[in-house]
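The values are calculated or read from the model by the stated rules, or taken from the named source; none is laboratory data. If you're wondering where the values come from, they're calculated on a predicted model, not measured in any experiment. Every residue, glycine as well, gets a Cβ built from its backbone with ideal geometry; the counts of neighbours run over all protein chains shown. Side chains are part of the model used for accessible areas, which takes the heavy atoms of the whole protein and leaves out ligands, DNA and RNA. Shrake-Rupley method; radii C 1.70, N 1.55, O 1.52, S 1.80 Å.
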Amino acid sequence: MDNIEVFDSPGKGRGLRATKELLSGDVLFSEPPFAAVVFDSLADKICHSCFRRQDKLQRCGQCKFAQYCDKTCQSAGWKEHKLECGAIKAFGAIGDNFGKAPNENIRLAARIMWRLDKEGGVMSDMQMTSLDDLENHISDMPEDDLKELKVDIHNFLDYWPRNSKQHRVDDISHIFGVINCNGFTVSDQRGLNAVGVGLFPNLCLVNHDCWPNCTVILNHGNQSAVNTVYHSQMRIELRALGKIEPGEEVTVSYVDFLNVTEDRQRQLKMHYFFDCTCEHCKGHIKDDLKMGGKEVDGVKVPEEQVKEVTEYSLQMLQKMDKARMEGNYHEVIKICRECMEKQEPVLADTHIYQLRMWSTASEVLAYLQFIDEAADYARKMVDGYNKLYHPCNAHLGMATMRAGVTHWQAGKIEVGHGMICKAYAILQRTHGPTHPITKDLEAMRMQTEMELRMFRENEYIYKSMREAALKNHKSKFPKTHPPLL
């Protein structure tokens, strides 16, 4: 690869660094998955070939588990599903497993092992590491995780066909360990929801930084054409968030920066088995904003009061999450309003617990069609995010997009258009101009720009036409159940 090279990163082991100057939005590399599978919980809602969400899917006639958009997707996925199909069918006929398929980790491990057996650990000259050289961190796992690993290995051995090449338990354990600490979440076609997990060897070499210079985006490619000549592979793209100098290490964030240093450190230690020493962790940068109290006319709210409301907010967030999981959205709003009433006089507008309440309230209120109120909370959320996130952060771009669409739906065209334009500028860099979400956002930007001109020319005519259009409008940002975040 011309843009990057492998090097020994001090204190981190192997890493990747730039070999030439890179600019914001540049693609450092793209990489198809070594293997990927759909989550167990979404197995009947997501195509097992292209990972797109569809209302109607066609089930594999043999294993009755794999689902596909159509025959085109089924044909495209047959290479990976061929051996898996018989194994799933056989596994579901065993005693306690009757009618079941193995879990996603077992299915992913098997796909990896089959590919290793057929093609080896290095697929092309573009692959910079073999799977054997990746860390598995099994020796670092806590006791409970080791017990789960042993159960997975036991079930894997039940699942693995007797006519396939047999492997040592140590080799199987290594693959499970690699998946555990290197598996990358696969999103749906619009990048809005996690739908599966995959392994991308080159991506495994990119080290973590809480304030990274790159981001990773999944591009689903194109598998819808009838002629397979026009198909393009699903792949991840590593994109620069700003200028990167030659010799500079390229990094991504493994965790959301919208957590205080202590929480990020705990997540990284638990899932990736290292202590982060980045500048933002060493300096606890922005922690004061994330847990801060409100300041009015230069006077700060007493720390004891901030602490009390922070603890109360955490309890309410847990109640809110429970109500959301149960689909009780009116109860969610009741909890949000009760909590926000206590938060707003005390907590800073960047306090992460208040931001979570605003985020949830805006999404659920929009779902319940209380659009004006949803827009108000969305604006507060984005204002807070702007003070915390990197200006090119993908989470910031997606949040700004949702807030812009909500404002447009509420008839606040000037604010809505401004947010949509800002989101479009961010996603052009983080997702690229050809990503479906960027294309949808470009269409929305053009739509709101046209409506803004109409609004400024004649507000009355604009509002009349808008009301009529809304009755028939089928948005590319459909109303869905609020995601369980």
Could you check how many residues of region 88-114 are at pLDDT 95 or above, farther than 17 Å from residue 68 by Cβ and outside any loop (DSSP other than H, G, I, E, B)? 9
Just checking, how many residues over region 388-407 are among the hydroxyl-bearing types (Ser, Thr, Tyr) and within 18 Å of the chain's Cα centre (by Cα)? 2
Based on what the data block shows, is residue 20 in a helix (DSSP H, G or I) and over 21 Å from the mean Cα position of the chain (by Cα)? no
In region 150-194, the residues that are under 27 Å from the mean Cα position of the chain (by Cα) and polar (S, T, N, Q): 173, 180, 182, 185, 187, 189, 193
Among the residues of region 429-459, write down those that are in contact with a Leu (Cβ under 6 Å, 6 or more places away or on another chain) and open to solvent by 50 Å² or more (accessible area, probe 1.4 Å). none
Can residue 291 be described as more than 24 Å from residue 389 (Cβ to Cβ) and touching a residue at least 60 places away in the same chain (Cβ under 8 Å)? no
Scanning region 1-57 for residues that are touching a strand residue (DSSP E or B) at 6+ places or on another chain (Cβ under 8 Å) and among the acidic types (Asp, Glu), the one nearest to residue 185 (Cα to Cα) turns out to be 31
Residue 156: passes all of (1) open to solvent by less than 50 Å² (accessible area, probe 1.4 Å); (2) touching a residue at least 60 places away in the same chain (Cβ under 8 Å); (3) of a type outside the set (Lys, Arg) but (2)
Any hit, region 46-63, residues being open to solvent by less than 40 Å² (accessible area, probe 1.4 Å), of a type in the set (Val, Ile, Thr) and under 26 Å from residue 394 (Cβ atoms): yes
If you go through region 363-375 one residue at a time, how many are in a helix (DSSP H, G or I) and open to solvent by 10 Å² or more (accessible area, probe 1.4 Å)? 6
Regarding residue 164, is this residue surrounded by 12 or more Cβ atoms within 10 Å (Cβ to Cβ) and assigned to a loop (DSSP other than H, G, I, E, B)? yes
Would you confirm whether any residue within region 408-424 is over 24 Å from the mean Cα position of the chain (by Cα), open to solvent by 30 Å² or more (accessible area, probe 1.4 Å) and within 26 Å of residue 215 (Cα to Cα)? yes
Only one of 41, 24 is modelled with pLDDT of 95 or more and of a type in the set (Gly, Ala, Ser). Can you tell me which? 24
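Residue-by-condition table, conditions (1) without any contact (Cβ under 8 Å) to a residue 40 or more places away in the chain; (2) assigned to a helix (DSSP H, G or I):
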{"residue": "15", "(1), (2)": "no, no"}
{"residue": "25", "(1), (2)": "no, no"}
{"residue": "28", "(1), (2)": "no, no"}
{"residue": "33", "(1), (2)": "no, no"}
{"residue": "51", "(1), (2)": "no, no"}
{"residue": "61", "(1), (2)": "yes, no"}
{"residue": "76", "(1), (2)": "no, yes"}
{"residue": "79", "(1), (2)": "yes, yes"}
{"residue": "84", "(1), (2)": "yes, yes"}
Of all residues in region 149-170, which are more than 16 Å from residue 105 (Cα to Cα) and either in contact with a Gly (Cβ under 8 Å, 6 or more places away or on another chain) or hydrophobic (A, V, I, L, M, F, W, C) (or both)? 161
Would you check if residue 286 is in contact with a helix residue (DSSP H, G or I) (Cβ under 9 Å, 6 or more places away or on another chain), open to solvent by 30 Å² or more (accessible area, probe 1.4 Å), of a type in the set (D, E, K, R) and at pLDDT 95 or above? yes
Hits in region 304-335 - residues which are aliphatic (A, V, I, L, M) and either under 27 Å from the mean Cα position of the chain (by Cα) or open to solvent by 100 Å² or more (accessible area, probe 1.4 Å) (or both): 314, 316, 317, 320, 323, 325, 332, 333, 335
Region 299-339, residues that are of a type in the set (S, T, N, Q), touching a residue at least 12 places away in the same chain (Cβ under 8 Å) and closer than 19 Å to residue 358 by Cβ: 310, 313
Return the total of residues in region 177-204 being in a strand (DSSP E or B), of a type in the set (Val, Ile, Thr) and touching a residue at least 60 places away in the same chain (Cβ under 8 Å). 3
Just checking, how many residues over region 205-243 are outside any strand (DSSP E or B), open to solvent by less than 50 Å² (accessible area, probe 1.4 Å) and either modelled with pLDDT of 95 or more or charged (D, E, K, R) (or both)? 8
Can you spot a residue in region 376-392 that is of a type outside the set (Val, Ile, Thr), open to solvent by less than 30 Å² (accessible area, probe 1.4 Å) and in contact with a strand residue (DSSP E or B) (Cβ under 6 Å, 6 or more places away or on another chain)? no
Looking at (1) under 24 Å from the mean Cα position of the chain (by Cα); (2) open to solvent by 10 Å² or more (accessible area, probe 1.4 Å); (3) among the basic types (Lys, Arg), which one does residue 107 not meet, given that it meets all the others? (2)
What's the number of the condition residue 184 fails, among (1) at pLDDT below 95; (2) more than 23 Å from residue 261 (Cα to Cα); (3) surrounded by fewer than 21 Cβ atoms within 10 Å (Cβ to Cβ); (4) not basic (Lys, Arg)? (2)
